[in-house]
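Engineer: Here's a structure for you.
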Amino acid sequence: MDSYPQPGEIRFRVGSVPVVIQPYFWLTAVILSSGWFNMEPRPWPVFTFILGVFVSILIHELGHAWAGMFFGARQVFIRLTGMGGEAAGANINPQWWKRILVTFAGPAVQLVLAGFLYLLLFHTEFLGKEHPIFAIFIFQLFLVSLLWGLINLIPIFPLDGGRIAQEVLLKTIPSQSEKLSALLSLCLLIGILYYIYNFANQYFSIFNMLILGLLAITNLERLQRATARRDDSADWRN
């Protein structure tokens, strides 16, 4: 991590884990909050949603960081960016199954949090009508944690599910792991786009298409690199 903060960055620590929040993280959170602009009591649902995104993604990355540190990682730090976040230095263990556990820990802690909040929302009465803003925040935190945790388990690289799939392929078919991982990701992205276009038009937005496009470009580049390496290895001059 850089010694000096960049313009607009926020830095702090959670225990021994340094955290850096880049300005684009807040911009993405604001874009995602657009559906809450018309909800009463205005404008609080927008602010509580942005806070919920921050808390949930921070907890997700702390899951990676703590699991990595449990397995011996050092100099771990969290960076929250416009595309989510990363726990840098957490997943450098040489044992593949430990890397999978570190990768799984992020969405796992989010889903545990979502389960706890579900019980709090629907099986207790402590929130009540006297705390509407707090109730909205808890509901938003539940939604973000549930959806972000589940989406990250989809085996599309570089989501956590995609990284887990790549680790499994690397262990079982090492020579084809990156190519197969990229192909799997592209097939799933095409399937998601087909489903949204034909059955879920409400999710057909510029932001969602941008995210799907960026994921597709990432995996097309991976597929190109993997194919190029294979062609080079087959060169008679080698």
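The values are calculated or read from the model by the stated rules, or taken from the named source; none is laboratory data. Quantities reported herein were computed from a predicted structural model and do not represent experimental measurements. No Cβ is skipped: glycine too gets one built from the backbone with ideal geometry, and neighbour counts run over all protein chains shown.
Engineer: What number of residues within segment 1-15 satisfy the criterion of being loosely packed, with under 11 Cβ neighbours inside 10 Å and touching a residue at least 24 places away in the same chain (Cβ under 8 Å)?
Structural biologist: 0
Engineer: Can you tell me which residue among 36, 148 is closer than 25 Å to residue 9 by Cβ, surrounded by 14 or more Cβ atoms within 10 Å (Cβ to Cβ) and aromatic (Phe, Trp, Tyr)?
Structural biologist: Testing whether each residue is closer than 25 Å to residue 9 by Cβ, surrounded by 14 or more Cβ atoms within 10 Å (Cβ to Cβ) and aromatic (Phe, Trp, Tyr) leaves just 148.
Engineer: Taking only pairs six or more apart or across chains, which ones have beta-carbon atoms under 8 Å, a first residue in segment 56-73 that is closer than 14 Å to residue 100 by Cβ, and a second residue that is assigned to a helix (DSSP H, G or I) and β-branched (Val, Ile, Thr)?
Structural biologist: 63/109; 64/102; 64/103; 67/102; 68/102; 71/102
Engineer: Among the residues of segment 196-212, is there at least one that is in contact with a Gly (Cβ under 6 Å, 6 or more places away or on another chain), more than 26 Å from residue 99 (Cα to Cα) and part of a helix (DSSP H, G or I)?
Structural biologist: Looking through segment 196-212, none of the residues is in contact with a Gly (Cβ under 6 Å, 6 or more places away or on another chain), more than 26 Å from residue 99 (Cα to Cα) and part of a helix (DSSP H, G or I).
Engineer: Looking at segment 16-30, which of the residues that are more than 18 Å from residue 6 (Cα to Cα) and more than 16 Å from the chain's Cα centre (by Cα) is modelled with the highest pLDDT?
Structural biologist: Per the criteria, the residue is 17.
Engineer: Could you tell me which of the residues 201, 238, 152 is at pLDDT below 90, under 29 Å from residue 47 (Cα atoms) and either of a type outside the set (D, E, K, R) or not assigned by TED's automatic domain parsing to the domain that holds residue 84 (or both)?
Structural biologist: Just a single option satisfies the conditions, and that option is 201.
Engineer: Being of a type in the set (S, T, N, Q) and modelled with pLDDT under 95 narrows it down to one residue among 56, 3; which is it?
Structural biologist: 3
Engineer: Still on this structure, I have one more. Among the residues of segment 88-118, count how many are in contact (Cβ under 8 Å) with a residue 40 or more places away in the chain, crowded, with 21+ Cβ neighbours inside 10 Å and among the small types (Gly, Ala, Ser).
Structural biologist: Here the count works out to 2.
Engineer: Which residue pairs have Cβ atoms closer than 6 Å, lie 6 or more positions apart in sequence or on different chains, and pair a first residue in segment 146-164 that is in contact (Cβ under 8 Å) with a residue 60 or more places away in the chain with a second residue that is in a loop (DSSP other than H, G, I, E, B)?
Structural biologist: 152/159
Engineer: Here are the criteria: (1) crowded, with 19+ Cβ neighbours inside 10 Å; (2) touching a residue at least 40 places away in the same chain (Cβ under 8 Å). Tell me which single one residue 82 does not satisfy.
Structural biologist: (1)
Engineer: Residue check: is residue 46 of a type in the set (A, V, I, L, M, F, W, C), modelled with pLDDT of 95 or more, in contact with a Ser or Thr (Cβ under 7 Å, 6 or more places away or on another chain) and over 20 Å from residue 151 (Cα atoms)?
Structural biologist: Taking the combined requirement at face value, the residue satisfies it.
Engineer: Additional query: Where residues in segment 204-229 are within 18 Å of residue 27 (Cα to Cα) and among the β-branched types (Val, Ile, Thr), which of them is modelled with the highest pLDDT?
Structural biologist: Of everything passing the filter in segment 204-229, 211 is modelled with the highest pLDDT.
Engineer: Check segment 125-148 and report whether any residue there is within 22 Å of residue 70 (Cα to Cα), assigned by TED's automatic domain parsing to the domain that holds residue 37 and not in a helix (DSSP H, G or I).
Structural biologist: No, because not a single residue in segment 125-148 is within 22 Å of residue 70 (Cα to Cα), assigned by TED's automatic domain parsing to the domain that holds residue 37 and not in a helix (DSSP H, G or I).
Engineer: Can I ask one more? Going by what's in this entry, would residue 77 be described as surrounded by fewer than 20 Cβ atoms within 10 Å (Cβ to Cβ), at pLDDT 95 or above and at negative phi?
Structural biologist: When the stated conditions are applied, residue 77 passes them.
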